[in-house]
Amino acid sequence: MDIKKLMSQMTIEEKIGQCVQLIPSFLDENQKCELTGPFHISNFDEKYIYNCGSLIGVSDAKSARELQAKYLERNRLKIPLIFMADVVHGSSTIFPTPLAISSSFNPENAKVCAKVSAKESAIQGNHLTFAPMSDLARDARWGRNMETSGEDPYLNTLFTKAYVEGFQGDDLKDEHTLASCVKHFAGYGLVQAGREYNTVDVSERFLREYHFPAYKAGIDAGASMVMTAFNTINSIPATANSWLFRDVLRDEMKFDGVVISDWGAVLEAINHQVAEDRYEAAVKAMNAGCDMEMMTSCYTSSLRLAIENGDVDMKCLDEAVYHILSLKDKLGLFENPYRFADEGLEKSVVMCDEFKEASRHVANECPVLLKNEDKILPLENDDFVLTGPFADSNDLLGPWSWKGDVSQVTTIADAFDKKVMKDINEVMSSSQETVVYVAGEKSDESGEAHSKVDISLPEIDVQNIIQLKESGKKVVLVLINGRPMTLSNVIDHCDALLVAWQLGTMAGNVIADILTGKVNPSGKLTMSFPRHVGQCPIFYNDYQTGRPASKAVDHYVSKYIDCENDALFGFGEGLNYSHITIDKIEFDSFELNDEMKVKVHLSNKGVTGTEVVQLYINDLSADVIRPLKELKAFERVMVQDSEIVEFTLTKEMMAYYNHKNECKYDKGKVEIMIGLSSNEVQTFTIEIK
Ligand code: BGC
């Protein structure tokens, strides 16, 4: 398609229309769709309806075809709509949440989830997904942790890349691909006090070092779209921040796709008090480089006048339209506006066994075993009581599964084919010694707009667990959760703790398989579990201070007087049913010239299992403060009897952003720490030459 030629035939209204995203009910009031934000569009100028560029949340193939056909009949230049939706961890076949998937330390799982999601969603008529979310998450109070890959920037980049590759495949014209939108640019995970939509105040250096790399990895992997964040950066709402979008995203990161606002974020400039009205909000967003406005009408009400007044350059609008039309072209919409929407396939392929198996396979690697006293797990036989609020619940899909059908979820009770004992007195007086207690958070306790200040288990569960333990039972706590939770009040009363997360369609089967040892757990935490909510934000890659806490010095040091500093469970922690240890670590040199090889010898005295060997660094003397531990490499490895994992260290891996915001490494001493968790490492000092 010759986009420039097409644009030369477009009126200014037709161009502005392309920059607008609406919900399907504007075209057909009977259409049901995903609503993920407040509805601000009143008195929408009707002339834009059949010029609008995109619809969000079209629900199925039939609707997609009908809406596209109706639209094209009325659109003068027959420019097809692009359909977008949040397909975050599965469309109908739901996979584990991204936070759960990251616990597998296996980016391939993200790719599989994205590929299957793309296939289902493309058949259901969708063209683009608002995923992955690449925001770095370090505050357990924030509801959106479940959508992230956790607290480590390196993992975040690897997972972002894998999702984008999985959704998009090699070419967006290839069958059953979806365009991918990396979000939310930038730093949304830093909302103050973990409160959703709150202000972000972060240094440029931290942004560059810890936050930008994942978005950049998505862009380098070919992401088609970037979404603006709701938060401010440098006191300017991201959506109106031209430094962020023009200088960083376009000029530095070389992004040439579409920038879309988050839901209503253009208009929110008024609430942020940086715009007086829709006109000013539109001018600021368009000038900042926001090509498409999601679900508000600032562009349609004001851009024409703003261009006439010289407040927005026509060139800006043309660029935006060019980006949007180019994406439609890449998706093949001009040749086939219906793309892969297919009612027949929808019936046969969506939720097919192959997809459910893929979800199950991914989910097998996500749960994290954090405690297993006296090897109480795996359960040896059926002689246990199953109880707790989630034991027979099908609320296991997690947020962002708007097309997921809870009635299709096998509960844990179903998977065990076991009756759940509801009455705690009955459980206590039962003859069985072992109790599997399934508790946690409902799906609507995390996700967007679900920040919390109390991230502990409900009091009733805490009391039940304590009573059970006191009555002599052995308690296996299975946690269903979308975020790290505080478990200090129950952990000593549990013999085992399995963090199962929200595992999706196959959750019940996977949890049963892990509890019975059919599947050996292999997940590791990618977010720290605080001891107390007052520690938030808490993350393993924290800094030394001028007054570090130590056993020797107890006063006037950086510590709490009523709680330890460290997490209850830290990054990289996770047990299995094997007995895998690191026997020997060999460095080919302790001087890093070009590169250095490290060999880690592992042995296993138990059943075959999978470990994640983790390599961290700590730069002992740098230009700016450095994290005490930074993950630089890891390897997920299955160990039968013994295995050797080899890492290659390079100088580039030692680079960081210095005070001039240049990414460089220093000469001098660096600690290399290797272990099976961030808490238990062997430390070696090397010298960078
Ligand atoms: C969320 C985005 C999402 C969008 C569209 C917003 O409220 O922040 O992540 O993609 O809605 O549903």
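Some observations on this one:
- If the condition is being part of a helix (DSSP H, G or I) and either surrounded by 15 or more Cβ atoms within 10 Å (Cβ to Cβ) or among the acidic types (Asp, Glu) (or both), then the stretch 417-436 contributes Ile424, Glu426, Val427, Met428.
- Screening Asp414 against (1) assigned to a loop (DSSP other than H, G, I, E, B); (2) charged (D, E, K, R); (3) touching a Gly at 6+ places or on another chain (Cβ under 9 Å) leaves a single unmet condition, (1).
- Residue satisfying all of: in the stretch 425-455; touching a strand residue (DSSP E or B) at 6+ places or on another chain (Cβ under 8 Å) and within 21 Å of Asn394 (Cα to Cα); farthest from the ligand (Cβ to nearest atom) among these: Val435
- Taking every residue in the stretch 437-463 that is in a loop (DSSP other than H, G, I, E, B) and pairing it with any residue that is among the acidic types (Asp, Glu), at least 6 positions away or on another chain, the pairs with Cβ-Cβ distances below 6 Å are Lys442/Asp395; Ala449/Glu196; Ser451/Glu196.
- Hits in the stretch 164-190 - residues which are in a helix (DSSP H, G or I) and either within 16 Å of the ligand (Cβ to nearest atom) or in contact with a His (Cβ under 6 Å, 6 or more places away or on another chain) (or both): Val164, Phe167, Tyr188, Gly189, Leu190
- A Cβ distance below 9 Å, combined with a sequence gap of six or more or placement on separate chains, defines the contacts here; from the stretch 603-618, residues that are in a loop (DSSP other than H, G, I, E, B) reach residues that are among the charged types (D, E, K, R) in the pairs Lys605/Asp641; Thr608/Asp641.
- Residues located in the stretch 120-140, provided they are out of contact with any strand residue (DSSP E or B) (no Cβ under 8 Å at 6 or more places or on another chain) and either closer than 12 Å to Met527 by Cα or within 14 Å of the ligand (Cβ to nearest atom) (or both): Leu136, Ala137, Arg138, Asp139
- Search result, residues across the stretch 270-289 that are in a loop (DSSP other than H, G, I, E, B) and surrounded by fewer than 17 Cβ atoms within 10 Å (Cβ to Cβ): Gln273, Glu276, Asp277
- Lone qualifier among Leu55, Leu35 - being without any contact (Cβ under 8 Å) to a residue 24 or more places away in the chain, surrounded by 14 or more Cβ atoms within 10 Å (Cβ to Cβ) and under 28 Å from Asp277 (Cα atoms): Leu35
- Any hit, the stretch 192-208, residues being touching a residue at least 12 places away in the same chain (Cβ under 8 Å), of a type in the set (S, T, N, Q) and within 14 Å of the ligand (Cβ to nearest atom): yes
- Long-range neighbours under 6 Å by Cβ, at least six apart or interchain, first residue in a helix (DSSP H, G or I) within the stretch 144-163, second among the hydroxyl-bearing types (Ser, Thr, Tyr) and within 16 Å of the ligand (Cβ to nearest atom): Met146/Thr97; Met146/Ser446; Leu155/Ser149; Asn156/Ser149; Phe159/Ser149; Thr160/Ser134
- Residue that is nearest to Ile324 (Cα to Cα) [pool: residues in the stretch 218-236 that are away from the ligand (no atom under 13 Å from the Cβ) and touching a residue at least 40 places away in the same chain (Cβ under 8 Å)]: Ser224
- In the stretch 141-163, the residue that is farthest from the ligand (Cβ to nearest atom) out of those that are over 30 Å from Glu652 (Cα atoms) and over 12 Å from the mean Cα position of the chain (by Cα) is Arg141.
- Verdict on Gly125 being surrounded by 24 or more Cβ atoms within 10 Å (Cβ to Cβ), touching a residue at least 40 places away in the same chain (Cβ under 8 Å) and under 19 Å from the mean Cα position of the chain (by Cα): no
- Extreme residue, farthest from Gly447 (Cα to Cα), among residues of the stretch 74-98 that are hydroxyl-bearing (Ser, Thr, Tyr) and within 16 Å of the ligand (Cβ to nearest atom): Ser91
- Among the residues listed as Tyr50, Tyr71, the single one being out of contact with any Asp or Glu (no Cβ under 9 Å at 6 or more places or on another chain) and either away from the ligand (no atom under 15 Å from the Cβ) or under 30 Å from Met638 (Cβ atoms) (or both): Tyr71
- Only a single criterion out of (1) assigned to a loop (DSSP other than H, G, I, E, B); (2) modelled with pLDDT of 95 or more; (3) more than 16 Å from the ligand (Cβ to nearest atom) is not satisfied by Pro213, namely (1).
- Matching residues, the stretch 374-396, being surrounded by fewer than 18 Cβ atoms within 10 Å (Cβ to Cβ) and either on the phi > 0 side of the Ramachandran plot or in contact with a strand residue (DSSP E or B) (Cβ under 6 Å, 6 or more places away or on another chain) (or both): Asp374, Lys375
- Among the candidates Glu293, Glu308, residue that is surrounded by fewer than 24 Cβ atoms within 10 Å (Cβ to Cβ), at pLDDT 95 or above and among the charged types (D, E, K, R): Glu308
- Condition check for Pro80: part of a loop (DSSP other than H, G, I, E, B), modelled with pLDDT of 95 or more and under 31 Å from the mean Cα position of the chain (by Cα): yes
- You will find that of Ala64, Ala69, the residue that is within 25 Å of Ser348 (Cβ to Cβ) and surrounded by fewer than 17 Cβ atoms within 10 Å (Cβ to Cβ) is Ala69 and no other.
- Filter pass, Lys524 being surrounded by fewer than 21 Cβ atoms within 10 Å (Cβ to Cβ) and among the basic types (Lys, Arg): no
The values are calculated or read from the model by the stated rules, or taken from the named source; none is laboratory data. Note that the coordinates shown come from a computational prediction; the quantities given were computed from them, not determined experimentally. Note that each Cβ is placed from the backbone with ideal geometry, even for glycine, and that neighbours are counted across all protein chains shown.
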